[in-house]
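Novice: I have a structure here, written as structure tokens, and I will follow up with some questions on it.
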Amino acid sequence: MNSTQSNPKPKLALYWAASCGGCEIAVLDIQDKILDVAAFFDLVFWPVAMDAKIKDVEAMDDQAIDLCLFNGAIRTSENEHMAQLLRRKAKILVAFGSCAYEGCIPALSNTTTRQATLDWIYRDSPSTVNPENVRPQTGTDTPLGKLELPEFWETVRALDQVVEVDYYVPGCPPQAHQIWAVLETVMDIMKNGKPLPPPGLVLGAGDKTCCDECLRPREEKKIKKFVRPHEIIPDPNRCLLDQGILCCGPATRSGCGALCPAVGLPCRGCYGPPPNVHDQGTKMISALASVIDSEDPEEIDKILDGIVDPVGTFYRFSMAKATLGRVQFNGKTSM
Amino acid sequence: MQRLQIDPITRLEGHGKIDIFLNDQGEVADCFFIVPELRGFETFCVGRPVEEMPRITTRICGVCSEAHHMAAAKACDAVYHVAIPPAAKKLRELLYSAFFTGDHATHFYILGGPDFVMGPEAPVAERNIIGMIGKLGVDVGRKVIGARAAAHEIVKILGGKTIHMVSSIPGGVTKGLTVEERDHIVALANQLVEFGKFTLKVLDDVVLKNRTYVDLILSDTYTHKMHSMGTVDENNRVNFYDGKIRVVDCDGREIVKYHGREYLQHVAEHVERWSYLKFPFLKAKGWKGFVDGMDSGVYRATPLARLNAAEGMATPLAQAEYERFYETLTGDRSGRTPVHQTLATHWARVVELVYAAEHTLELAKDEEILSPNLRTIPTATPDEGVGQVEAPRGTLTHHYITDERGILKKVNLIVGTTNNHAAISMSIKKAAQGLIKRGVEITEGLLNKIEMAFRAYDPCFACATHSLPGQMPIVVRLRAPDGTILAEQRRE
């Protein structure tokens, strides 16, 4: 909007697909630095903040947008359409935040089915009164004209499962200081004509695990029993996992500052897998295998019974990228 | 037949559209507000341990994650039949009051305010927070950013994270306060109270002293007689965190007052084919369609509705403003006569902002919040529980059923803005009907006035505008029945 003919600014777009809005608020939490961003970039598309029209994006030349930060998972036909559109229009497409990066919590939906979801919401939930079993339709003819809804899909996908992605910024949401670090770096590259980092890189995070940022002293782990967070009052000066509270710190990339353990709650993995790890859940299982204090298979089984929701815990934020991919129902996969 | 499409509008999940059909006389024949979004939390939470819900359901909304965190934590307490220590309750409520102050501030200044400060028909480029700062002075901008930052800081100290906080679990909270942290929060809370007073003055100077705006607020185009829902304390005063849900009818008479766990006896949800979002209604009245009035089941659960459903505010400054609000708009300062002007919701929001700020300070000064007794370890067998709070955008209900291990078997949620879905649809339609007439040019100002009908609700899709510069994207296309675009008006 602010570009001039003589000195056009780089064009920036921000968009959200299936997400909660937290990534957008996190961007705003860089406080007055947002004004620096607005001064450096020509903000061509940012539905949260300004006059942004899909039609205007469609009218742009391909690759007219220099940088697009895309948050949210791909849940509907509309989400996919926007992902494809912005991929076409953007030189650099960033999967911004856990939903776009690896599906995040909405991808826990991949442990159930589209049908089960729709049945519960529109028929079986106790507050729903729907004697005629009305369901939302992609097309509804009214005497006045046709009303349209996007398709609600079976499976939640991450952005790079739909289009090619250049970089990733993890976090649910990314922490404001990390967002500013990414934007500052990008602005520096653009301002000074520096080369871009290699594609596929994770930006705005650390290169270790959450445990490396956690201030709780660790011991050699010997876990005899798992406990759930509400069942004990943990010692504030000991590693939570040492105390038997399942903490995903060992299988999670650093970068957030270990905020959750600092207030007495275990990490659930929102910064995604550590470097060189593809499957966060497998990494967590491997970490646990080495700390369970037993050689007796029966006792090991008993200890493992204390993990009440392995899939929902180990893959809390990364279900769309999980190697297992989809949960099976009645012998049939529901992909 | 002609069709106007407003597409896209921003909302929390970033997607929403309005379809307006015109008859041959060029008048509005019908109007649909369509929510094309569904994520399915109620189903995919099944199988999860219930204590994780305060951390999972925050991801329903990153703008008001605090509301889901609290409703989930209260539902968890109920599932485990555990009473949390008084200090834990106060700490949760302290976090929640600070959040409410910041949230209402962002709506008032960034979303709703620009329409009044700059004028509903001001150039689009100016009708935003930047324009407001230009008009009202940099000091106002500093105060707004400062108030948001203060509220966020309190949330982070108590909740661990600014967005998607984590500290409430079944039986209490995991994070207490040191004396230093408490002193810091008291200073921040004092700042919020001063900000509340300042906001009252802005409201007065900019809106209430301007006859044109008062006339706009009172006009029929923005008026709907509906029932009002809100949570009240034992003295029927507004409360955000705890109490009973009170519903009053269009005339202010109590229809029902119930505990959150009884919600299924009083509220039900209707389904339409053309929207993924359901339409809650009062069971006592039944679903009668998109109609207002005494016989309709449609109700509102907004700041205005909360004031209507209550009989006052629990803090002094807010109570004084509550009385002035009703005296000005109904002539009766007791508040027994409801206000039905949708745009008055902005004023009601400021009354709530002042209450939230005063209550934040009250709680911060309460010595009990320094108590180390923050947790009750649950011992009862978990089964079923309902947690309810007032989210800024309406009554929020989380209902969980678990097995004996506390693993979720069923989840039902009625989310803040969902309560207002029918009311928002009707408000948009009435504004469109009042503004679009044969021969009337579709101007930017007209579009903005349609937008003002839903903006007052601060609905979740409008959470989006909690940002700079707070502009809603909007396109109206006039189409022939074959879809050909005859005319188009866009914001520039």
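The values are calculated or read from the model by the stated rules, or taken from the named source; none is laboratory data. Note that this is a predicted model, so its numbers are computed, not measured. Note that each Cβ is placed from the backbone with ideal geometry, even for glycine, and that neighbours are counted across all protein chains shown. Please note that ligands, DNA and RNA were not included when accessible areas were found on the heavy atoms of the full protein model with its side chains. Shrake-Rupley method; radii C 1.70, N 1.55, O 1.52, S 1.80 Å.
Novice: What are the pairs with Cβ atoms under 9 angstrom where one residue, in the range A:118-140, is farther than 20 Å from residue B:34 by Cα and the other, located anywhere, is β-branched (Val, Ile, Thr) and part of a strand (DSSP E or B)? Sequence gap at least six, or different chains.
Specialist: Every condition considered, the pairs that remain are A:120/A:128; A:120/B:411; A:125/B:411; A:127/B:267; A:127/B:397; A:127/B:414.
Novice: Determine, yes or no, whether residue B:95 is in a helix (DSSP H, G or I), at pLDDT 90 or above and either surrounded by 21 or more Cβ atoms within 10 Å (Cβ to Cβ) or of a type outside the set (A, V, I, L, M) (or both). Talk me through it step by step, then tell me what you get.
Specialist: On the way: in a helix (DSSP H, G or I): yes; at pLDDT 90 or above: yes; either surrounded by 21 or more Cβ atoms within 10 Å (Cβ to Cβ) or of a type outside the set (A, V, I, L, M) (or both): yes.
Spelling it out, residue B:95 is indeed in a helix (DSSP H, G or I), at pLDDT 90 or above and either surrounded by 21 or more Cβ atoms within 10 Å (Cβ to Cβ) or of a type outside the set (A, V, I, L, M) (or both).
Novice: Only one of these is part of a strand (DSSP E or B), open to solvent by 20 Å² or more (accessible area, probe 1.4 Å) and either under 30 Å from residue B:358 (Cα atoms) or within 14 Å of chain A (Cβ to nearest Cβ) (or both): B:257, B:288. Name it. First the steps, then the outcome.
Specialist: Working: B:288 fails: part of a strand (DSSP E or B).
That would be B:257, the only listed residue that is part of a strand (DSSP E or B), open to solvent by 20 Å² or more (accessible area, probe 1.4 Å) and either under 30 Å from residue B:358 (Cα atoms) or within 14 Å of chain A (Cβ to nearest Cβ) (or both).
Novice: Quick one: residue B:386 ticks every box in (1) more than 12 Å from every other protein chain (Cβ to nearest Cβ); (2) surrounded by fewer than 23 Cβ atoms within 10 Å (Cβ to Cβ); (3) hydrophobic (A, V, I, L, M, F, W, C) except a single one, so which number is it?
Specialist: Single failed check for residue B:386: (1).
Rundown of residues vs (1) of a type in the set (Lys, Arg); (2) touching a Ser or Thr at 6+ places or on another chain (Cβ under 9 Å); (3) at pLDDT 90 or above, yes/no style:
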residue	(1), (2), (3)
B:117	no, no, no
B:127	yes, no, no
B:138	no, no, no
B:142	yes, no, no
B:172	no, yes, yes
B:208	no, yes, yes
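Novice: Regarding residue A:120, is this residue within 8 Å of chain B (Cβ to nearest Cβ), open to solvent by 30 Å² or more (accessible area, probe 1.4 Å) and hydrophobic (A, V, I, L, M, F, W, C)? Working first, answer last.
Specialist: Details: within 8 Å of chain B (Cβ to nearest Cβ): yes; open to solvent by 30 Å² or more (accessible area, probe 1.4 Å): yes; hydrophobic (A, V, I, L, M, F, W, C): yes.
Yes; evaluated as a whole, the condition is true for this residue.
Novice: Is it fair to say residue A:149 is crowded, with 23+ Cβ neighbours inside 10 Å and either at the interface with chain B (Cβ under 9 Å from one of its Cβ atoms) or on the phi > 0 side of the Ramachandran plot (or both)?
Specialist: When the stated conditions are applied, residue A:149 passes them.
Novice: Can you name the condition, by its number, that residue A:264 falls short on among (1) at positive phi; (2) outside any loop (DSSP other than H, G, I, E, B)?
Specialist: Here residue A:264 meets the rest and fails (2).
Novice: Going through the range B:204-231 one residue at a time, which ones are farther than 22 Å from residue B:313 by Cα and either among the aromatic types (Phe, Trp, Tyr) or assigned to a strand (DSSP E or B) (or both)?
Specialist: B:213, B:222, B:223
Novice: Could you list, ordered by first residue, the pairs with Cβ atoms under 7 Å in which the first is in the range A:297-323 and within 12 Å of another protein chain (Cβ to nearest Cβ) and the second is among the aromatic types (Phe, Trp, Tyr) and open to solvent by less than 40 Å² (accessible area, probe 1.4 Å), at least 6 apart or interchain?
Specialist: A:306/A:226; A:307/A:226
Novice: Could you please tell me which pairs satisfy a Cβ distance under 8 Å, a separation of 6+ or placement on different chains, a first residue in the range B:62-81 that is in contact (Cβ under 8 Å) with a residue 24 or more places away in the chain and within 9 Å of another protein chain (Cβ to nearest Cβ), and a second residue that is open to solvent by 10 Å² or more (accessible area, probe 1.4 Å) and among the basic types (Lys, Arg)?
Specialist: Here the result reads B:65/B:59, each pair linking the range B:62-81 to a residue that is open to solvent by 10 Å² or more (accessible area, probe 1.4 Å) and among the basic types (Lys, Arg).
Novice: Follow-up question, since we're still on this one. Residues in the range A:124-164 that are among the charged types (D, E, K, R) and within 25 Å of residue B:46 (Cβ to Cβ): how many?
Specialist: Qualifying residue count for the region: 5.
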